[in-house]
Amino acid sequence: MDGLSLPRDRIDGLDRELVRLLAERLDAAREIGSARGRDPSAPLRDEERERSLFAAWARAAEARGVSSYFAGRVLREILNWSRRDQERFLEPRQENGARAVRVGYQGVPASYSDLATGKLFATRTVARLERVGFRGFAAVADALEAGEVDYALLPIENTIAGSINEVYDLLGARRMTIVGEEVWAVEHCLLALPGVRAEELRTVRSHPVALQQCSKFLDGLVGVRAEAFHDTAGAAEAVARDGDHHAAAIASEEAGSEYGLAVVRRDISNQPVNLTRFLLLARGAEPCDPRRAAKTSLLLSLNHRHGALLECLKVFEAHGLNLTKLESRPRPEAAWEYLFYVDFEGHANEPRAASALEALRAHTNHLQILGSYPRRVEEGLELAGLGRVPLEAAAPADAPAQALPVPACPAPSNAALKLTSLRAGQARTIVDVSGVHFGGERFVLILGPCAVETRAQMMATAEMAKRGGASVLRGGAFKPRTSPYAFQGLGFEGLELLREAGRAFELPIVTEVLHPEDVDRVAEKADILQIGARNMQNFALLKEVGRARRPVLLKRGMSATIEELLLASEYVLAGGNQRVILCERGIRTFETATRNTLDISAIPVLKSRTHLPVIVDPSHAAGRRDLIVPLSLAAAAAGADGLIVECHPNPAEALCDKDQALTADDVARLLAALRPIVAAVGRKL
Ligand code: PEP
Ligand code: MN
């Protein structure tokens, strides 16, 4: 391919330059880290400075025609790693300079444990890092106890497979202290000898958990047998060693490189987000700089007494300690007795935690601190694509606003609204969607197209939404259309595109589900399930989303009363799903100047009758672009918890609802107009 070599040479040169600049930048950041290490009163983070960095990057990027969003993501990666790198200066100082360190893990080189070890120690100052693979978790623990290794790195849980019981049991049985944690984003690949095509395969080898995590992909490979192996990288090694052209392994891409295998297919997990948490274990505790966010793990056994576990949990609540995990394991020596493993945020030395531990002793038979260590799970959220990138400098702090008067709370008028009604003194429900809180202090903006049309349209709209201040991305994959000849949506293919765009811009996604039988499949990919106006009283569908483990955005039917909307939500709550967001989207009246009539009074009425969050859809209410801003302002002023608004990079060409779609400029105007109103009702945008 002549003609490509020149630009490729240029790219290679630029890439080398980028790496050189990264190294230089890290060096400069280390000077700051070292100063922070010497001054224990210096804060570890300067958020003001970070915000101005993001703003400066965004401006510089835009000036050169580079997407400020893309630049922001790159900067966030750089800052994350810089911060991590600076933590080396917080580690306890070693008398004779950096020492050589041996770390034991289960598996062979390039196993996920080995990769996580590399990541964890990349930002620690060690003279030499030796990674020693063992067969089995117990063998790693043996080596640690015997002093053959300085540390052990063991996986403790996975976001798909759950807890790793064997490791929990080892924590309880062995003399090991937790001194750190690490998160690794697992990206399974199908690996085979170079040149082998998927059609030629007869067996796929991997660890049973990995096989299970890729079951859907494997089901699609006809005539291929899955073969359990003791670990993923070991399976890759075996495929390479056997030289078998009909065998493949599921393991990391790194394992492929390590053993000379090629990637046949990438990204084959059932679930795109697949994170494994590892614990770093040592023989004794290590000091942890008090400025670092810490976590503590405990092991407890309880009195065999009524309410004993509850008493323990109450202690955490009373001390304001946030529990992050509770796991129980049977005690083999005592039938029907359990050991509880508890993780909470904070260091055991902090006064609050120390006093909680003191109080816990009274309620336990046995209480053991497994370790206090720097926390790493936040990073896991970013790896899962759920981190947040500030796209623009945050608005200056607003003058304290008067909170909106809460309507009086009448007694529930309908006895059937058992779960939906707001009772006197009851707290309002905050629906948490991957860190976006509906019904909380922040006013939530959902933006996106009426319908998912193409990848390019979806990516462009997602960027628009992100820049427009959205924290959730909307897009219809299944469209309920009045005419059977109108565009019906791209279906599951559209859902994939929506998901891809949401992940690229780190926005959770909401999409409508039309059929009860689609609920599970849509719930696999969508962060919020939307029930459209036309389906508000589709009781089979309401029951089905009531079973789903995803929040539901329930739109008011165009001829439904508020009471009927509340009863529809009762169906979902009664099904077990407590995460319902109500949406006023305009109702049918005699008025024809607008598509529907936005019922502003529904907002305070709903707020007085239910604890559920309420948002407003001005787009389907008005049907006209020019009314979206005024209706949005009215909704915010009346106490709505957020908005769902349609936008499109090129409304004239939209396949659905083109007259109501906002352009990028309209979205910017909406955001600017909303700021003072949202502040005036005591909320943040
Ligand atoms: C939509 O939000 O895509 C939609 C179809 O809205 P509604 O159900 O309110 O008509
Ligand atoms: Mn629409």
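Here are the numbers for this structure:
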{"item": "Flag if Gly546 is part of a helix (DSSP H, G or I) and closer than 20 Å to Thr610 by Cα", "result": "yes"}
{"item": "Lone qualifier among Val605, Val572 - being on the phi < 0 side of the Ramachandran plot and buried (at least 22 other Cβ atoms within 10 Å of the Cβ)", "result": "Val572"}
{"item": "For Arg45: the one exception among (1) out of contact with any Phe, Trp or Tyr (no Cβ under 7 Å at 6 or more places or on another chain); (2) open to solvent by less than 50 Å² (accessible area, probe 1.4 Å); (3) on the phi < 0 side of the Ramachandran plot", "result": "(2)"}
{"item": "Residue among Asp626, Asp665 that is away from ligand 2 (no atom under 16 Å from the Cβ), within 30 Å of the chain's Cα centre (by Cα), more than 28 Å from Tyr571 (Cβ to Cβ) and free of Cβ contacts under 8 Å to residues at least 40 places away in the same chain", "result": "Asp665"}
{"item": "Subset of the stretch 418-439 [closer than 21 Å to Leu685 by Cα and either open to solvent by less than 10 Å² (accessible area, probe 1.4 Å) or of a type in the set (A, V, I, L, M) (or both)]", "result": "Ile430, Val431, Val433, Val436, Phe438"}
{"item": "The stretch 321-360, residues that are more than 19 Å from Glu311 (Cβ to Cβ) and small (Gly, Ala, Ser)", "result": "Ala334, Ala335, Gly346, Ala348"}
{"item": "Residue list for the stretch 442-486, filter: more than 17 Å from Thr511 (Cα to Cα), in contact (Cβ under 8 Å) with a residue 60 or more places away in the chain and within 15 Å of ligand 1 (Cβ to nearest atom)", "result": "Ala486"}
{"item": "Criterion (out of contact with any helix residue (DSSP H, G or I) (no Cβ under 6 Å at 6 or more places or on another chain), within 16 Å of ligand 1 (Cβ to nearest atom), β-branched (Val, Ile, Thr) and closer than 30 Å to Phe487 by Cβ) met by exactly one of Thr592, Thr597", "result": "Thr597"}
{"item": "Selected residue [of a type in the set (A, V, I, L, M) and surrounded by fewer than 24 Cβ atoms within 10 Å (Cβ to Cβ)] from Leu612, Leu627", "result": "Leu627"}
{"item": "Pairs with Cβ under 6 Å, 6+ apart, first in the stretch 53-68 and open to solvent by 60 Å² or more (accessible area, probe 1.4 Å), second outside any loop (DSSP other than H, G, I, E, B)", "result": "Trp57/Ala71; Trp57/Leu75; Glu62/Ser68"}
{"item": "Wholly enclosed helices (runs of 4 or more DSSP H) of the stretch 419-531 bearing at least 2 residues within 16 Å of ligand 2 (Cβ to nearest atom)", "result": "455-467, 492-504"}
{"item": "Output for the stretch 94-139, where each listed residue is touching a Pro at 6+ places or on another chain (Cβ under 7 Å) and not in a strand (DSSP E or B)", "result": "Ser113"}
{"item": "Glu286 vs. criteria open to solvent by 10 Å² or more (accessible area, probe 1.4 Å) and either closer than 16 Å to Asn165 by Cα or not in a loop (DSSP other than H, G, I, E, B) (or both)", "result": "no"}
{"item": "First in the stretch 9-31 and on the phi < 0 side of the Ramachandran plot, second anywhere and charged (D, E, K, R) and surrounded by 10 or more Cβ atoms within 10 Å (Cβ to Cβ), Cβ under 6 Å, 6 or more apart", "result": "Leu26/Asp85"}
{"item": "Of residues in the stretch 293-314 being hydrophobic (A, V, I, L, M, F, W, C) and under 23 Å from Ile178 (Cα atoms), the one farthest from the chain's Cα centre (by Cα)", "result": "Leu302"}
{"item": "Residues satisfying the stated conditions in the stretch 289-308, i.e. outside any strand (DSSP E or B) and either open to solvent by 40 Å² or more (accessible area, probe 1.4 Å) or in contact (Cβ under 8 Å) with a residue 40 or more places away in the chain (or both)", "result": "Asp289, Pro290, Arg291, Arg292, Ala293, Asn303, His304, Arg305, His306, Ala308"}
{"item": "Test result for Arg51, in a helix (DSSP H, G or I), over 20 Å from Asp289 (Cβ atoms) and modelled with pLDDT under 90", "result": "yes"}
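The values are calculated or read from the model by the stated rules, or taken from the named source; none is laboratory data. Just so it is clear, the structure is predicted and the values come from calculations on it, not from any experiment. All Cβ positions, even for glycine, are placed from backbone atoms using ideal geometry, and neighbour counts span all protein chains on display. Side chains included, ligands, DNA and RNA excluded: accessible areas come from the protein's heavy atoms. Shrake-Rupley method; radii C 1.70, N 1.55, O 1.52, S 1.80 Å.
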